[in-house]
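Chemist: Structure incoming, see below.
All of the numbers you see were taken from the coordinates with simple rules; none came from a lab. Since this is a predicted model, take the numbers as computed values, not measurements. Here the Cβ positions follow ideal geometry from the backbone for every residue, glycine too, while neighbour counts run over all protein chains shown.
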Amino acid sequence: MRRKLLKMLNKNARLSIADLAVALGETEAAVANEIKVLEEEGILRGYKALIDWEKMDHSYVSAIIELKVTPKVGRGFEEIAERVAQYNEVESVYLMSGTYDLNVVVKAKTFQEVAMFVAKELSTIESVTSTATHFVLRRYKELDVPLAVKEPDERGTISLC
Amino acid sequence: MLNYEQLISRTIQEIQPSGIRKYFDIANTMQDVISLGVGEPDFLTPWRIRNTAIRTLEAGKTRYSSNSGLLELRKEISHYLERKYDLSYHAEDEILITVGGSEAIDACIRVLTNPGDEIIIPQPSYVCYEPMAKMAGGVPVILETKAENDFKVTPKELLEKITPRTKILILPYPCNPTGAIMEREDLEAIEKVLHDTNILVLSDEIYAELTFGEGRHVSPASIPGMRERTVVINGFSKAFSMTGWRLGYACGPKEILKQVTKLHQFAIMCAPTTSQHAAIEALRNCDEDVADMIAEYDMRRRVIVKGFNDIGLTCREPRGAFYAFPCIRSTGMSSEEFCEKLLYAKHVALVPGPAFGQGGEGFVRASYCYSIDHIHEALRRTKEFLDELK
């Protein structure tokens, strides 16, 4: 049930244990236990809301920062990646193939704040050789979910087919 | 002043419009309705299918196709039916692309029916068979399937309905609205009954992809001895969420398909070309999209069935299509009364069972082409309604 359970939670983390149990044909206790085990094993890492902040008055600014870094002997990119990940401003850190090394998503209240964070914090890290900042102007789809205006159900209320 | 009544064909005038039109009108105009009333997928057509259609439009592929449909599509259908249902049809002369499954059913009935021929229609089932039979001059013979038989056609019931005038047996499985399916042994028993007759089976398999639980959909045509007496109807609406594309097909013995194609040629010319190109993509590259949709339907199916049983409306496990068919006899109401009162009191829209034939009395149809949250809300309101009856 592991894979199926994860797939369902990935789509909708708010499904109740009761629904998950019915859908999987398992007992509620078994499902609850499996979730606990998945959490303990570090496979299930969290449950977060997907928010379209643009619709709020106080929105965030985010940017994708491309970092080129000199890997450390022995530890490769691990050390620098872990260090970058420490900042509260950093939403995600990925090691990339291609023309740069680390992809860092940074979020702050204003463009200015993001720019200052990059200038003062990221670019001053010793092994960072260059940065390129790309501001996010608009989000169209996030975690599989299109953020466009929700279309009303065009199907009507009732039909025989 | 023209006398329209005199103008309009008597056959058409005698066909009664659905008796629950009034209930439908109320439901469709009411605000904040939580509906489980629509038998149409809530998923959009997978993007790769839509994108293929766009590309063919850009490339200007907008002419008529051959009357039977694009050969490329018929070949894909042939492969698909073999791969999925162990069926073997020649793309060249045993497959016809139609405007939805509906056109295929209509055309087949008209091709086979002489005035007075009897057409056995199991009910509860989708509403088109009876009027189509009448329009073709045939005589509908209703076979009421029973809840205790899981709404299957049993050999005994079938035998009772067969007369020397019987021409067609409709097999509408997986079934709208009951969710019933016919399993291999059920179909083998039907084969035995039909064995020495000259009766043709029109097998409407539009919900074939949507079969849940153990085992896949079994087509009657795959049963030994049945291929020669079966026309298989299928289409893209339900399985690929392609309702508005209007695309279906009929497969069967070439002697019959030739005549169905002739009728189609005069009445329709060909199915929409854009839809045909889209359908090629659907069959070639969308197994995963279909599997995802089926997994989602299956989850909802389990939740809604348990939900109805929990609130005291006995609901058998539907094995196919996307409908639950709970029994409402415990309320002491008729199906229509139940639906109307529930609609007025709690703004929940269900379809009364008898809309699909008198055998549906005592049941209501609940579609699960809706999100889990939506289904829960409908169940919650229905429970409130039931509690207030006590």
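Chemist: Dimensions of chain B along principal axes (Cα, Å, largest first)?
Modeler: The principal-axis extents, from largest down, are 62, 60, 52 Å.
Chemist: Extending each Cα 7 Å along its Cβ direction at A:GLU151 and B:ASP373, get the distance between those two points in nm, one decimal.
Modeler: Distance between label points: 1.9 nm.
Chemist: What does the average come to when, for each residue of peptide B:20-29, you count the partner chain Cβ atoms lying within 10 Å of its Cβ? List each step's numbers first, then the result.
Modeler: Working: counts 2, 0, 0, 1, 5, 1, 2, 3, 4, 1.
Other-chain Cβ atoms within 10 Å of each residue's Cβ, averaged: 2.
Chemist: Okay, next question. When you take every Cα atom in the range B:80-197, what is the radius of gyration, and what is Dmax, the widest Cα pair distance, in Å?
Modeler: For the range B:80-197, the Cα-based Rg and Dmax read 14.8, 43 Å.
Chemist: Of the peptides B:166-179, B:108-121, how do they stack up when ordered by the mean number of other Cβ atoms within 10 Å, highest first?
Modeler: Numbers: B:166-179: 27.2, B:108-121: 19.7.
Order by mean packing, descending: B:166-179, B:108-121.
Chemist: From the backbone phi of the range A:49-66, what are the Karplus-calculated ³J(HN,Hα) couplings (6.51 cos²θ - 1.76 cosθ + 1.60, θ = phi - 60°) in whole Hz, Gly and Pro given as x?
Modeler: Here the 3J(HN,Hα) series is 7, 9, 10, 8, 4, 4, 7, 9, 5, 9, 8, 9, 10, 10, 9, 9, 10, 8 Hz.
Chemist: I would also like to ask the following. Run through every distinct alpha carbon pair of the range A:47-112 and return the Kirkwood hydrodynamic radius in angstroms, one decimal place. Can you show the working numbers first?
Modeler: Numbers: mean 1/r = 0.0741 Å⁻¹.
So the Kirkwood estimate lands at 13.5 Å.
Chemist: Then there's this: What is the average number of partner chain Cβ atoms found within 10 Å of a Cβ in A:148-158? Please list the in-between numbers first.
Modeler: On the way: counts 0, 0, 0, 1, 0, 6, 2, 11, 9, 15, 20.
Counting Cβ atoms of other protein chains within 10 Å of each residue's Cβ and averaging gives 6.
Chemist: I'd like to know how the protein assembly as shown sits against the 2.2 N^0.38 Å rule of thumb: what's its Cα Rg over that expected value? Please list the in-between numbers first.
Modeler: Values: Rg = 28.4 Å, N = 551, 2.2 N^0.38 = 24.2 Å.
Compared with the compact-globule rule of thumb, the protein assembly as shown sits at 1.17.
Chemist: Answer rounded, prolate or oblate for the range B:178-280, using the Cα gyration tensor with square roots of eigenvalues a ≥ b ≥ c: rounded when a/c is under 1.5, else prolate when a/b is larger than b/c, else oblate.
Modeler: oblate
Chemist: With +1 on each Lys and Arg Cβ and -1 on each Asp and Glu Cβ, how big is the dipole of the range B:1-116 about its Cα centre, in debye rounded to the nearest 20?
Modeler: In total the dipole reaches around 280 debye.
Chemist: Let me ask something else about it. Could you pull out every residue, at least 5 positions away or on a different chain, whose amide H is within less than 5 Å of the one on A:THR129? Hs are placed 1.01 Å off N in the peptide plane, and Pro or chain starts have none.
Modeler: Those lying under 5 Å, H to H, from A:THR129 are A:LYS68, A:VAL69, A:THR70.
Chemist: Where does chain A land on Rg(C-alpha)/(2.2 N^0.38 Å)?
Modeler: Its radius of gyration relative to the 2.2 N^0.38 Å reference: 1.38.
Chemist: Starting from the Cα of B:LYS341, draw a straight line to each of the lysines and keep only those under 16 Å, dropping any in the same chain fewer than 8 residues away.
Modeler: Result set, ordered by chain and number: B:LYS22, B:LYS383, B:LYS390.
Chemist: Any idea which of B:ILE142, B:CYS315, B:CYS327 is furthest toward the positive side of the dipole for chain B, if Lys and Arg beta-carbons carry +1 and Asp and Glu beta-carbons -1?
Modeler: It is B:ILE142, whose Cα lies furthest towards the positive end.
Chemist: Which of the residue pairs A:LYS107/A:LYS141; A:LYS48/B:LYS238; B:LYS161/B:LYS262; B:LYS75/B:LYS258 have a Cα-Cα distance greater than 24 Å in the structure shown? Can you show the working numbers first?
Modeler: Values: A:LYS107/A:LYS141 17 Å; A:LYS48/B:LYS238 33 Å; B:LYS161/B:LYS262 31 Å; B:LYS75/B:LYS258 17 Å.
As for pairs spanning more than 24 Å Cα to Cα, those are A:LYS48/B:LYS238; B:LYS161/B:LYS262.
Chemist: Determine the shielding of peptide A:6-12 by partner chains: average, over its residues, the number of Cβ atoms on other chains within 10 angstrom of each Cβ.
Modeler: Other-chain Cβ atoms within 10 Å of each residue's Cβ, averaged: 2.
Chemist: Given H placed 1.01 Å from N in the peptide plane, which residues other than close sequence neighbours of B:THR230 have an amide H under 5 Å from its amide H?
Modeler: So B:THR230 has HN proximity to B:VAL201.
Chemist: Non-local amide H neighbours of B:SER35 (under 5 Å, H modeled in plane, Pro and chain starts lacking H): which ones?
Modeler: B:ALA349
Chemist: Output the peptides B:186-192, B:303-309 sorted from most to least packed, where packing is the average of other Cβ atoms within 10 Å over each peptide's residues.
Modeler: On the way: B:186-192: 18.9, B:303-309: 21.9.
Descending mean neighbour count gives B:303-309, B:186-192.
Chemist: Once you place label points 7 Å from the Cα toward the Cβ at B:ILE12 and A:MET56, how far apart are they in nm?
Modeler: In this crude label model, B:ILE12 to A:MET56 measures out at 6.0 nm.
Chemist: Dipole magnitude of the range A:1-89 about its Cα centre, charges +1 at Lys/Arg Cβ and -1 at Asp/Glu Cβ only, in debye to the nearest 20?
Modeler: In total the dipole reaches around 280 debye.
Chemist: Also, I was wondering about something else. Going by average Cβ density within 10 Å per residue, which order do the peptides B:311-324, B:195-208 take, highest to lowest?
Modeler: Top to bottom by mean Cβ count within 10 Å: B:311-324, B:195-208.
Chemist: In addition: If you take every DSSP beta bridge whose two residues both sit in chain B, what share of them, in percent to the nearest 5, is antiparallel?
Modeler: Values: 14 of 33 bridges.
Among the beta bridges of chain B, antiparallel pairing accounts for roughly 40 percent.
Chemist: About its Cα centre, how strong a charge dipole does chain B have in debye, to the nearest 20, once Lys and Arg get +1 and Asp and Glu get -1 at the Cβ?
Modeler: So the dipole magnitude of chain B works out to roughly 480 debye.
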